[in-house]
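The values are calculated or read from the model by the stated rules, or taken from the named source; none is laboratory data. Not measured: the values here are computed from a predicted model. All Cβ positions, glycine included, derive from the backbone under ideal geometry; neighbour counts span all protein chains shown.
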Amino acid sequence: MSLVDKIVSSAQSYVGTQEGSAAHQDIIDLYNRGRYSDAYCMTMSDPWCCAFVVAMFVENGAADIIPGYAYCDGMIQVFKQWGRWKPRDSTVNKGDVIFYDWNGDGSSDHVGLVAQNQFGTLKVIEGNKSDSVSYRSISKNDSAIMGYGVPNYDGSDGGAFQSTKPTEHDDAYIKTLPLLQEGSKNLYVKILQVLLNYYAKENLDIDGDFGPATKKAVIAYQTKNKLEVDGIVGNETWSYLLLKEK
């Protein structure tokens, strides 16, 4: 059985899993085992669509070919950096990782694993769909689909599907991100801390609290990259962290 078949088979075996069940705990445990060292450590109470996808790869010893993050936009950025991102109008294959933008705001809200493409109708397996692992049938032309991450199943160096240069879609997303400064406390601060730990080799606690240590790390990052040095994370700093880093 090929790796893609093994991973899709694993995902199918979890269909019917309900939030709060022992199998849901298994998914969270698998994600936490395979997540990036600087990524958020999940609990049973967190949204878990990304964790489900990552867990299927971890279960099959393939954590190295899936971005180990618990938020969709973080996964997308890694796929783009790997040169393994393709837009909505591309050919869709079994095992592709599908990302959705339900609100049309440029930010991904949900993710799943393509199990089948039958004449343009996709059968997708998703975690955290109505608080369970469930199937979704959706047209490949649906406007809510942002695009697809393509894991390197065959171990090739896998030529890029699409340029990773910033696009209008990326710029629109950056404008939706909140201004962060000392005193901010939210999920976006956690994302910032993860990015600073990864790109700037900081050792920040991933606690979502923009305190003095996070401000100091932001100032150091802005200084190094010749950005406006103010300790505040606005469009310029977000853009550099998410679009310019490779």
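Across the range 223-241, the number of residues qualifying as at positive phi and modelled with pLDDT of 95 or more comes to 1.
Give me a count of the residues in the range 126-135 that are in a loop (DSSP other than H, G, I, E, B) and touching a residue at least 24 places away in the same chain (Cβ under 8 Å). Explain how you work it out, then say what you get.
Of the residues in the range 126-135, the ones in a loop (DSSP other than H, G, I, E, B) are 127-131, 133.
If we keep only those that are touching a residue at least 24 places away in the same chain (Cβ under 8 Å) too, we end up with 127-129, 131, 133.
Going through the range 126-135 one residue at a time, the tally reaches 5.
For Phe99, state whether it is crowded, with 22+ Cβ neighbours inside 10 Å and either in the same structural domain as Val15 (by TED's automatic domain parsing) or under 19 Å from Phe79 (Cα atoms) (or both).
Yes, satisfied.
Filter the range 149-180 down to the residues that are buried (at least 16 other Cβ atoms within 10 Å of the Cβ) and farther than 14 Å from Trp82 by Cβ, then identify the one that is modelled with the lowest pLDDT. If we take residues in the range 149-180 being buried (at least 16 other Cβ atoms within 10 Å of the Cβ) and farther than 14 Å from Trp82 by Cβ, then Asp170 is modelled with the lowest pLDDT.
Name the residue, out of Ser137, Ser132, that is at pLDDT 95 or above and touching a Gly at 6+ places or on another chain (Cβ under 9 Å).
Working: Ser137 fails: touching a Gly at 6+ places or on another chain (Cβ under 9 Å).
It is Ser132.
So which residues in the range 183-197 are surrounded by fewer than 18 Cβ atoms within 10 Å (Cβ to Cβ) and within 15 Å of the chain's Cα centre (by Cα), if there are any at all? Steps first, please.
Step one: list which residues in the range 183-197 are surrounded by fewer than 18 Cβ atoms within 10 Å (Cβ to Cβ), which gives 183, 185-187.
Selection gives Leu187 alone.
Taken together, the criteria place Asp209 among residues that are within 20 Å of Asp46 (Cα to Cα) and either in contact with a strand residue (DSSP E or B) (Cβ under 6 Å, 6 or more places away or on another chain) or in the same structural domain as Cys72 (by TED's automatic domain parsing) (or both). Looking across the range 135-148 at every residue that is among the small types (Gly, Ala, Ser) and surrounded by fewer than 18 Cβ atoms within 10 Å (Cβ to Cβ), the one that is farthest from Ala22 (Cα to Cα) is identified as Ser143. The conditions of being of a type outside the set (A, V, I, L, M, F, W, C), under 13 Å from Asp38 (Cβ atoms) and not assigned by TED's automatic domain parsing to the domain that holds Val78 are not met by Asn186.
Here the condition is being in contact with a Phe, Trp or Tyr (Cβ under 6 Å, 6 or more places away or on another chain) and of a type in the set (Val, Ile, Thr); of Val8, Val15, Val54, it holds for Val54 alone. For the range 102-125, taking the residues that are within 15 Å of the chain's Cα centre (by Cα) and touching a residue at least 40 places away in the same chain (Cβ under 8 Å), the one that is surrounded by the most Cβ atoms within 10 Å (Cβ to Cβ) is identified as Gly112.
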